[in-house]
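Engineer: This is the structure I have questions about; it appears just below.
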Amino acid sequence: MEPLGRTRALLIPGLIVIVVTVVMSIVIAQAMNPNIGLGVVGAGLVCLVWIVMVAPGGLLARERRAVAALAQSERRYRTLVQTAQDLIWSVDASGEWTFVNDAARAIYGLEPETVIGTTLMERAEDGKGEGDAQMLIRAMRGEPCIGQVRRHRRADGSLVDLAFNAAALRDSDGNVIGATGTASDITERIRTERELERSEAQLRLVTDALPVLISYVDSERVIRFANRQHADWLRRPAGSIAGRPIDEVLDEETLDEAAEHIDAALAGEHVSFTRTFEHPTLGLRHLRVDLEPHIVTQPWADPGAAGFVALITDETERLKMETELRHVQMMEAVGQLASGVAHDFNNLLTAMFSQIAVARVRLGSNHGAAEVIEELELTAQQARGVAKFLLSLGRKGSADRTHVELLNLVTRAGQMLRRVLPSSINLDIQSDAGGKVWVYADSVQLQQALLNLALNARDAMPSGGTLTVIVSTEPAPDEHRNPSALLSVADTGHGMEPEVLAHIFEPFFTTKPKGQGTGLGLSIIRGIIEEHGGTITARSIIGRGSEFTVRLPTVKPPQELTPDSEHASNSGERPTVVLASNNRHIREILATALAGERFSVTQVSNAEDLVRRVREGLTRVHGVVVDLGPVPGASSIADLRRSGWLGPVLLVTDGHTPETDPCTRPLHKPFAVTTLLSAVREMMSTPQGRGGLP
Ligand code: ADP
C-alpha cells in the first residue's frame with residue numbers, strides 16, 4: 001500500500017474515535033455537574049474544532065514530507081542501480097531475467113528490455129549454462145554464492161568473464177521466488193592475470209635454464225623467488241623455498257659468513273664475494289656470489305633497498321678449465337719446441353738411414369761389419385721413436401701406419417720394457433691368438449702406448465709384482481666386420497678405487513704427487529687407440545691389480561707384392577715406380593733400395609719432370625713416390641692428378657701431412673728403408689697400384 005493512502009486510512013478512524021471520546025466526555029461531564037460541564041463542553045468544543053480543523057492538516061503535511069523523502073530516496077537508489085558499472089539483476093525461479101540494470105548494455109551489448117524475458121543460462125558460453133543453473137539453484141537454496149566466475153557470450157559473439165554474487169529473492173511472505181545479485185565484468189582482469197602467469201612461466205623457464213643460482217630476498221629477509229638451480233643446489237624440491245625466511249633455508253655456517261654481506265645489500269650496496277663450499281654431493285665448489293640491491297626510488301618508499309637479487313655462479317669448472325688451459329698452453333709451448341728439435345733430428349736420421357742403406361748395399365750381407373750396420377739401424381730406429389714422441393708432444397706427428405703384427409711388436413717392445421721395469425717386476429708376454437695378428441697401425445705409437453701402460457703398472461707395484469701382456473683375438477660381432485685384436489696389460493698392483501677408475505682417461509687427471517704425474521698418459525693413449533679405430537677399457541680391484549684392454553680392428557696380412565709374384569704373373573713386367581726427390585742423395589738411396597726389390601725405378605728431380613714423365617709413361621707406371629723438399633705440398637699432387645695420373649702416390653713428408661686425396665698416403669721422415677719398401681708394397685697392393693692404370 002502507498003504510504004499516503006495508509007496515513008489517510010488511519011486518519012479517518014482515528015478522528016472518529018477522538019470525536020466520539022470528546023462528545024462522550026462532554027455528555028458525562030454535563031450530567032455530573034452542569035457548571036463544570038459547561039467549561040468542559042467549551043474546552044471539548046475547542047478540542048473538537050482543533051481535532052477536526054487543524055490536526056488533519058498537520059498530519060497530512062507530515063505525511064506529504066515523508067512521501068516526498070521516500071520518493072527522493074527511491075530516485076536516488078534507482079539512479080544508483082541504473083548507473084552502476086556492475087550488472088544488477090534478478091531472475092525468477094526458472095532463471096528468466098526479471099530485471100537488469102543499464103550495465104547490461106556495456107556488459108552484453110544488449111538493451112535491458114531485450115534481456116528481460118530471456119534466461120540467464122542462455123547467455124552462457126555454451127548456450128546451455130549448466131553451471132549458471134547450478135549457481136542459481138544454490139543461491140535460491142540460501143547457500144553462499146560469492147565471486148562465481150561464469151563465462152558468458154555478448155550479443156556480438158565475443159566472450160565476457162563475469163564474477164557473480166547471487167542470493168535468494170523472496171516475496172513478502174518469505175517465499176523464494178527467484179534470485180538476485182550483481183555481476184562484475186572481470187574479462188580484463190582475467191586476461192591480465194593469464195598474461196602475468198604466462199610471463200611468469202616464461203621468466204621461470206629462462207631463469208631455470210640459466211646455469212646460475214638466482215634468488216630474490218626481500219627487506220624482511222624472506223626469499224621471494226628461487227630458480228630451480230638454487231632449489232637443486234639446496235637439495236630441496238623446486239618451489240619449496242619461496243616464501244621462507246633466509247635464516248630457515250641457509251645453514252648456520254653460510255649465514256654466519258654471509259650475514260655482513262646480506263646487511264650491506266639490504267642497505268643498498270652492491271656486494272660481490274667468493275666462497276669455497278663443501279657441497280654434500282658435488283664436493284668442493286668455488287662460488288662467486290653477487291648481491292644486487294633492489295632500490296625503489298618512489299618518494300614514499302623507505303630508504304634502503306626493498307630487497308636484493310642474489311646471483312651465485314659455480315666457478316669450479318671454469319677455474320679447472322683455466323688451469324687445464326694454462327697447462328695445455330704450457331704443453332703446447334713445450335710441444336712446439338720439441339717438434340722444432342724433432343724436425344732437425346728427423347733430417348739427420350733420414351740421412352743416417354740413407355747411409356746405412358748405402359753401406360749395406362756396398363758392403364753386402366757377408367761383410368764383417370754387416371752386424372754393426374744392423375745394430376746401427378736398430379739404434380737409429382729407436383732414435384726415430386724419440387723424434388716421433390717429440391713430434392707427438394707438439395701434436396704434429398700424424399699416424400704413420402703400415403701392417404703391424406701385434407705379437408711381434410709386443411715382443412720387440414718387451415726388450416725395451418725389461419730395461420725400464422725394476423727387477424722386482426716380472427714381465428710375462430703371452431699370445432692366445434694361435435697365429436699372427438695383423439693390425440694396420442703406427443707401430444711407434446702402439447709401442448708408446450704399451451710403454452705408458454707398463455710405466456703406470458710399475459708405479460702401481462712399488463714392491464714388485466707381475467706385469468702380464470697378452471695378445472689375443474676376439475671374434476667379429478657380425479660378418480661385415482673383422483675380428484678384433486686384443487692387447488691386455490695387467491698388473492698385480494694396488495688397484496684403483498671406483499672414483500679414480502671413473503676419471504683415469506681424463507686429461508690431467510692424476511693421483512700421483514706433483515712432479516711425478518702429468519695425468520696425460522692415459523688420455524694420450526686413448527687418443528692414439530681411438531685414432532686407430534679401436535677402444536681402451538680398464539678394470540681394477542683394490543689390492544689385487546688393474547687390467548687395461550686395448551681392442552683394435554684386425555686386417556688381412558699384407559700381400560707380398562714383388563715383380564716375381566703378382567705383377568710379374570699379371571703383366572709379365574717389373575712394376576714401375578716414378579721416384580721424385582729434389583735431394584739427389586736421398587733419391588739415389590731410395591732408388592737403390594727399390595731397385596734391390598726388383599722394382600723398375602724412374603728418377604726425377606722436380607715437379608715438372610715428374611708430371612712430364614708420368615704423362616709419358618702413363619700406362620706403364622704403377623706408383624709414384626714424391627719427396628719434394630720440406631713442404632712437398634698438395635700442389636705437386638694436384639699437378640700430377642691434372643696430368644691424368646689417378647694412381648697411388650706415396651708422399652714423403654716431414655711430419656705434416658697436407659690435405660690430399662684417398663689414393664695418396666703419407667710416409668713420415670725419417671724412415672728405415674724397410675719401412676719405405678713395405679709402404680711401396682702397400683701402395684702397390686691397392687686396386688689402382690695393381691692395375692697400374694689410372
Ligand atoms: P699419470 O700417470 O701422469 O698420473 P695417467 O693418465 O697415465 O697419468 O694416469 C692417470 C691415473 O690413473 C694415475 O694417476 C693413477 O691414479 C691411475 N692409474 C693408471 N694406471 C694405473 C694402474 N695400472 N694401477 C693403478 N692406478 C693406475
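The values are calculated or read from the model by the stated rules, or taken from the named source; none is laboratory data. Bear in mind the structure is a predicted one, so any value in this text is a computation, not a measurement. A quick note on method: Cβ atoms are made from the backbone with ideal geometry, for glycine too, and the neighbour counts reach across all protein chains shown. To get the accessible areas, we keep the full protein, side chains included, count just its heavy atoms, and leave off ligands, DNA and RNA. Shrake-Rupley method; radii C 1.70, N 1.55, O 1.52, S 1.80 Å.
Engineer: Probe of 1.4 angstrom, ligands and nucleic acids ignored: what's the accessible area per residue over the range 453-538, in square angstrom?
Structural biologist: 51 Å²
Engineer: What figure, in Å² to the nearest 10, do you get for the accessible area of R228 with a 1.4 Å probe and non-protein molecules left out?
Structural biologist: Using a 1.4 Å probe on the heavy atoms, I get roughly 100 Å².
Engineer: How big is the gap, in Å, between the Cα center of the range 277-294 and the Cα center of the range 79-155?
Structural biologist: Cα centroid to Cα centroid, the span is 58 Å.
Engineer: Keeping the other protein chains in place, figure out the carbon and sulfur percent of the accessible area of the range 452-496, with a 1.4 Å probe.
Structural biologist: 51 percent
Engineer: Let me ask something else. Which of the listed residues, Y216, F273, I186, is farthest toward the dipole's positive end in the range 138-285, when Lys, Arg count +1 and Asp, Glu count -1 at the beta-carbon?
Structural biologist: Toward the positive end, the furthest listed residue is I186.
Engineer: For the range 329-384, give the magnitude of the charge dipole about the Cα centre (Cβ charges: +1 Lys/Arg, -1 Asp/Glu; no others), in debye to the nearest 20. The partial results should precede the final answer.
Structural biologist: Values: 3 positive and 6 negative charges, 36 e Å.
That gives the range 329-384 a dipole magnitude of about 180 debye.
Engineer: Ordered by packing density, taken as the mean number of other Cβ atoms within 10 Å over each peptide's residues, highest first, how do 242-249, 474-481 rank?
Structural biologist: In descending order of packing, they fall as 242-249, 474-481.
Engineer: Please give, to one decimal in nm, the separation of the simple spin-label points placed at A383 and R151, each 7 Å out from Cα toward the Cβ.
Structural biologist: 8.8 nm
Engineer: Please state the shape class of the range 418-464: rounded when a/c is under 1.5, otherwise prolate if a/b exceeds b/c and oblate if not, all from the C-alpha gyration tensor.
Structural biologist: Details: a/c = 3.06, a/b = 1.64, b/c = 1.86.
It comes out oblate by the Cα gyration axes.
Engineer: Please compute the Kirkwood hydrodynamic radius of the range 79-144 from all pairs of different C-alpha atoms, in Å with one decimal.
Structural biologist: 12.3 Å
Engineer: Then there is this: Kindly sort M352, M121 by accessible area of their heavy atoms, largest first, with the probe set to 1.4 Å.
Structural biologist: M352, M121
Engineer: Would you mind counting up the charge near R285? Only other residues with Cβ under 10 Å from its Cβ, with Lys and Arg at +1 and Asp and Glu at -1.
Structural biologist: For residues surrounding R285, the net value is -3.
Engineer: How do 218-226, 510-518, 156-164 rank on mean C-beta neighbours within 10 Å, highest first?
Structural biologist: Per-residue Cβ counts within 10 Å, averaged per peptide and sorted highest first, yield 218-226, 156-164, 510-518.
Engineer: I've got another one for you. Can you tell me how much longer the chain between S158 and E608 gets when fully stretched, taken as 0.36 nm per residue apart minus their C-alpha distance, in nm with one decimal? Write out the running numbers ahead of the final one.
Structural biologist: Working: separation 450, 0.36 × 450 = 162.00 nm, distance 8.51 nm.
Additional length available on full extension: 153.5 nm.
Engineer: Which entries in the list K388/K512; K388/K556; K556/K669; K320/K388; K320/K669; K512/K556 go over 32 Å, if you measure between the two C-alpha atoms of each? Could the numbers behind the result be given before it?
Structural biologist: Numbers: K388/K512 26 Å; K388/K556 27 Å; K556/K669 26 Å; K320/K388 30 Å; K320/K669 38 Å; K512/K556 41 Å.
Result: K320/K669; K512/K556 exceed 32 Å.
Engineer: For T207, tell me the accessible area in Å² from a 1.4 Å probe, rounded to the nearest 10.
Structural biologist: We get 20 Å² for T207.
Engineer: Based on the Cβ-Cβ distance of S199 and A267, what FRET efficiency does E = 1/(1 + (r/R0)^6) give at R0 = 45 Å, to the nearest 0.05?
Structural biologist: Approximately 0.90, to the nearest 0.05.
Engineer: How big is the shadow of the Cα convex hull of the range 169-309, averaged over all directions, in nm²?
Structural biologist: Over every viewing direction, the Cα hull of the range 169-309 projects on average to 14.7 nm².
Engineer: Here's another thing I want to ask about it. For the pair R419 and D478, what calculated FRET efficiency results from E = 1/(1 + (r/R0)^6), where r is the Cβ-Cβ distance and R0 = 51 Å, to the nearest 0.05?
Structural biologist: 0.75
Engineer: Still on this structure: How far apart, in nanometres, would the label points at E315 and S365 be if each is projected 7 angstrom from Cα along the Cα-to-Cβ direction?
Structural biologist: Here the modelled spin labels are 6.9 nm apart.
Engineer: Testing the spin-label approximation: label points 7 Å from Cα along Cα→Cβ at I12 and E324. State their distance in nm.
Structural biologist: Placing both labels 7 Å beyond Cα along the Cβ direction yields 11.1 nm.
Engineer: Under the 0.36 nm per residue contour assumption, what length would be gained going from the current alpha-carbon distance of H279 and H585 to full extension?
Structural biologist: Contour length minus the Cα-Cα distance gives 103.4 nm.
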